[in-house]
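One structure is given below, encoded as structure tokens.
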Amino acid sequence: MTVTVRFAPSPTGHIHIGNARTALFNWLFAMKHGGRFIQRFDDTDFARSRQEYADAILYDLHWLGIFPDAIRYQSRRIENYDAAVERLKEAGVLYACYETPEELDLRRKVRRTRGLPPVYGREALKLTADEKAAFEADGRRPHWRFLLPNFDTDPFEPQRTDIVWTDVVRGEETVDLASLSDPVLVREDGTYLYTLPSVVDDIDMEVTHVIRGDDHVTNTGVQIALFKALGAEPPAFGHHNLLTTSSGEGLSKRSGALSIAGLRESGLEPMAVVSLAVLIGTSENVSAVASMAELAERFDPAATSKSASKFDPDELIVLNRALLHETPFSEVQDRLSALGISGEKAEPFWLAVRGNVEKLSDSVAWWKVLKSGPQEPAELSDEDKDYVRAAFDILPEEPWDASTWKAWTDAVRKETGRKGKALFMPLRLALTGLAAGPELADLLPLLGREGTLARQP
Ligand code: GLU
């Protein structure tokens with residue numbers, strides 16, 4: 001069977017780096033196994049879901065380098081969930097409940113004071129037809145719970161029932177169904193909570209591996225029972241650890257700064273974000289990986305730690321710098337051109353400055369230095385000014401190439417007796433206005449003799 005995975009966010013906000021981690025784990029898993037990736041929007045919460053968020057999520061995925069094989073919306077599949085509900089009702093494992101949230105809350109408190117686990121006591125199972133009719137006559141509508149298969153013959157006597165699976169990420173996992181309340185699958189207003197549609201879709205879409213955050217481990221116990229109740233073989237499951245902010249808080253769709261859109265707008269390279277989102281919290285070294293294919297080679301879901309990982313945005317800058325350092329011109333040509341960096345000098349310029357930029361847009365400042373001279377003229381002592389003037393007087397004749405800098409400074413050394421920093425730094429300051437930057441050997445041919453002379457103090 002073709003490996004099939006899905007990424008299933010609710011389109012209720014922008015995705016952040018933690019959501020991207022889930023998407024990427026799925027994408028890389030599919031890549032590794034020659035599988036399919038389904039983009040599924042869990043949009044059964046009609047009040048909060050929006051098409052514009054779904055569109056933004058797709059845009060973010062494309063930017064990261066994820067191109068789904070199929071896109072599905074749960075809101076367009078309601079009849080499939082209705083059919084599953086009928087099946088469960090016929091099987092006698094979906095039952096109507098009429099409690100209000102306040103009543104449930106009170107019951108939980110009573111159970112606690114009696115030393116019982118605060119799970120739902122299945123009181124609604126005892127309702128007679130007349131009692132139900134009375135609730136309905138009162139205007140109450142039922143919500144529907146799935147009767148967990150955690151008992152022998154008497155649902156009021158739950159027994160320890162371990163659901164065990166070999167997690168793709170965490171190894172052997174167990175959830176005891178007796179420790180859980182029967183989950184509500186359908187709300188009073190007939191809308192669906194996440195649990196049932198997810199299982200129905202995973203069956204219909206022939207999902208073979210469900211890879212998601214470890215906040216879903218308990219759901220998996222319930223969902224495996226639900227797969228079986230619907231007559232389906234459960235898929236394999238994998239639960240990766242979650243990312244938190246550097247102060248340890250969970251990420252939410254509201255933490256704008258760590259949204260993929262925010263990271264993109266801050267000028268980061270997608271593969272810097274991708275590398276960190278995937279490699280953090282694993283036994284792999286976090287380093288900038290240049291391509292998704294290379295990352296797929298390195299990706300091993302089982303190498304993921306079981307505890308939450310702190311995510312430090314500063315690490316992104318380090319990775320971004322490392323990535324740009326190695327990026328060939330052909331990969332950034334169009335973006336440089338959009339920044340106004342084009343023409344025959346664009347390529348040697350990029351090769352000269354790429355080791356000195358944190359973000360691609362930083363190259364604009366260097367382009368300006370080359371085109372119109374130092375943005376702020378350097379402060380040179382009178383002695384250094386004289387030295388620089390003398391050095392400029394013996395600039396070699398053109399043509400200039402990568403060896404010109406050495407030829408020139410050798411001559412300057414002979415002429416002035418200066419060496420080391422005293423020789424280079426005043427020249428660097430006169431040429432660029434800055435004490436650090438790209439190799440002067442690379443910059444000099446870009447400036448040309450005329451451009452260099454224009455910087456003579
Ligand atoms: N909509 C669910 C979520 O975002 C999907 C979980 C799953 O992958 O099954 O948490």
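The values are calculated or read from the model by the stated rules, or taken from the named source; none is laboratory data. A quick note: this is a predicted structure, and the numbers were derived from the prediction, not measured. Methodologically, a virtual Cβ is constructed for each residue, glycine included, from the backbone with ideal geometry; neighbour enumeration extends over all protein chains shown. Note: areas computed on protein heavy atoms with side chains; ligands, DNA, RNA excluded. Shrake-Rupley method; radii C 1.70, N 1.55, O 1.52, S 1.80 Å.
If Ala308 passes every condition in (1) over 30 Å from Phe237 (Cα atoms); (2) within 19 Å of the chain's Cα centre (by Cα); (3) open to solvent by 30 Å² or more (accessible area, probe 1.4 Å) but one, which one does it miss?
Checking Ala308 against (1) over 30 Å from Phe237 (Cα atoms); (2) within 19 Å of the chain's Cα centre (by Cα); (3) open to solvent by 30 Å² or more (accessible area, probe 1.4 Å), the one that fails is (1).
Considering Pro117, Pro68, which residue is under 19 Å from His14 (Cβ atoms) and open to solvent by 10 Å² or more (accessible area, probe 1.4 Å)?
On inspection, the qualifying residue turns out to be Pro68.
Provide a single number: the residues in region 270-291 that are of a type in the set (Val, Ile, Thr) and either farther than 15 Å from Phe25 by Cα or assigned to a loop (DSSP other than H, G, I, E, B) (or both).
Selection size over region 270-291: 3.
To keep it simple, each residue is scored yes or no on (1) within 12 Å of the ligand (Cβ to nearest atom); (2) within 21 Å of Asp214 (Cβ to Cβ); (3) under 16 Å from the mean Cα position of the chain (by Cα); (4) not aliphatic (A, V, I, L, M).
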| residue | (1), (2), (3), (4) |
| --- | --- |
| Thr2 | no, no, no, yes |
| His14 | no, no, yes, yes |
| Met31 | no, no, no, no |
| Asp42 | yes, yes, no, yes |
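Those residues that are polar (S, T, N, Q) and crowded, with 16+ Cβ neighbours inside 10 Å, I need them from region 145-172; list them, please.
Asn150, Thr161, listed by residue number.
Answer yes or no as to whether Ala8 is within 12 Å of the ligand (Cβ to nearest atom), modelled with pLDDT of 95 or more and of a type in the set (Gly, Ala, Ser).
Here the answer is yes, as Ala8 does meet what is asked.
Could you count how many residues in region 203-219 are within 12 Å of the ligand (Cβ to nearest atom), open to solvent by 20 Å² or more (accessible area, probe 1.4 Å), touching a helix residue (DSSP H, G or I) at 6+ places or on another chain (Cβ under 8 Å) and in contact (Cβ under 8 Å) with a residue 60 or more places away in the chain?
The qualifying residues number 1.
Checking Ala23 against (1) in a helix (DSSP H, G or I); (2) in contact with a helix residue (DSSP H, G or I) (Cβ under 9 Å, 6 or more places away or on another chain); (3) surrounded by fewer than 18 Cβ atoms within 10 Å (Cβ to Cβ), which single condition isn't satisfied?
Among (1) in a helix (DSSP H, G or I); (2) in contact with a helix residue (DSSP H, G or I) (Cβ under 9 Å, 6 or more places away or on another chain); (3) surrounded by fewer than 18 Cβ atoms within 10 Å (Cβ to Cβ), the lone unmet condition for Ala23 is (3).
Say we look at region 30-61 and pick out the residues that are of a type in the set (Lys, Arg) and closer than 15 Å to Tyr73 by Cβ; which of these is surrounded by the most Cβ atoms within 10 Å (Cβ to Cβ)?
Arg40
Among the numbered criteria (1) over 30 Å from Lys310 (Cα atoms); (2) within 16 Å of the ligand (Cβ to nearest atom); (3) surrounded by 16 or more Cβ atoms within 10 Å (Cβ to Cβ), which single criterion is violated by Val85?
(2)
Looking for whichever is open to solvent by less than 10 Å² (accessible area, probe 1.4 Å) and either hydrophobic (A, V, I, L, M, F, W, C) or out of contact with any helix residue (DSSP H, G or I) (no Cβ under 9 Å at 6 or more places or on another chain) (or both) here; the options are Val278, Val286. Which one fits?
Val278
For region 311-334, check the following and say yes or no: at least one residue is more than 28 Å from Ala352 (Cβ to Cβ), out of contact with any Phe, Trp or Tyr (no Cβ under 7 Å at 6 or more places or on another chain) and open to solvent by 40 Å² or more (accessible area, probe 1.4 Å).
yes
Would you mind listing the helices (runs of 4 or more DSSP H) fully within region 76-172 where at least 2 residues are within 30 Å of Arg40 (Cα to Cα) and under 41 Å from the mean Cα position of the chain (by Cα)?
Qualifying helices (runs of 4 or more DSSP H): 78-90.
Being assigned to a strand (DSSP E or B), within 16 Å of the ligand (Cβ to nearest atom), on the phi < 0 side of the Ramachandran plot and surrounded by 15 or more Cβ atoms within 10 Å (Cβ to Cβ) narrows it down to one of Val200, Val175, so name that one.
Result of the check over Val200, Val175: Val175.
Considering only region 120-141, state which residues are exposed (fewer than 12 other Cβ atoms within 10 Å of the Cβ) and within 24 Å of Arg160 (Cβ to Cβ).
Within region 120-141, Lys126 is the sole residue that qualifies.
Kindly provide the set of residues from region 220-247 that are within 17 Å of Gly18 (Cβ to Cβ) and either away from the ligand (no atom under 12 Å from the Cβ) or out of contact with any Leu (no Cβ under 9 Å at 6 or more places or on another chain) (or both), ordered by number.
Gly238, His239, His240, Asn241, Leu243, Thr244, Thr245, Ser246, Ser247
For region 252-269, name all the residues that are surrounded by fewer than 20 Cβ atoms within 10 Å (Cβ to Cβ) and either modelled with pLDDT of 90 or more or assigned to a loop (DSSP other than H, G, I, E, B) (or both).
Ser252, Lys253, Arg254, Ser255, Ala261, Gly262, Arg264, Glu265, Ser266, Gly267
Return the pair list, or none, for Cβ contacts closer than 6 Å from residues in region 6-27 that are touching a residue at least 60 places away in the same chain (Cβ under 8 Å) and among the hydrophobic types (A, V, I, L, M, F, W, C) to residues that are more than 9 Å from the ligand (Cβ to nearest atom) and assigned to a loop (DSSP other than H, G, I, E, B), at least 6 apart or on different chains.
Here the result reads Trp27/Ile66, each pair linking region 6-27 to a residue that is more than 9 Å from the ligand (Cβ to nearest atom) and assigned to a loop (DSSP other than H, G, I, E, B).
Is it true that Ser403 is among the hydroxyl-bearing types (Ser, Thr, Tyr) and without any contact (Cβ under 8 Å) to a residue 60 or more places away in the chain?
yes
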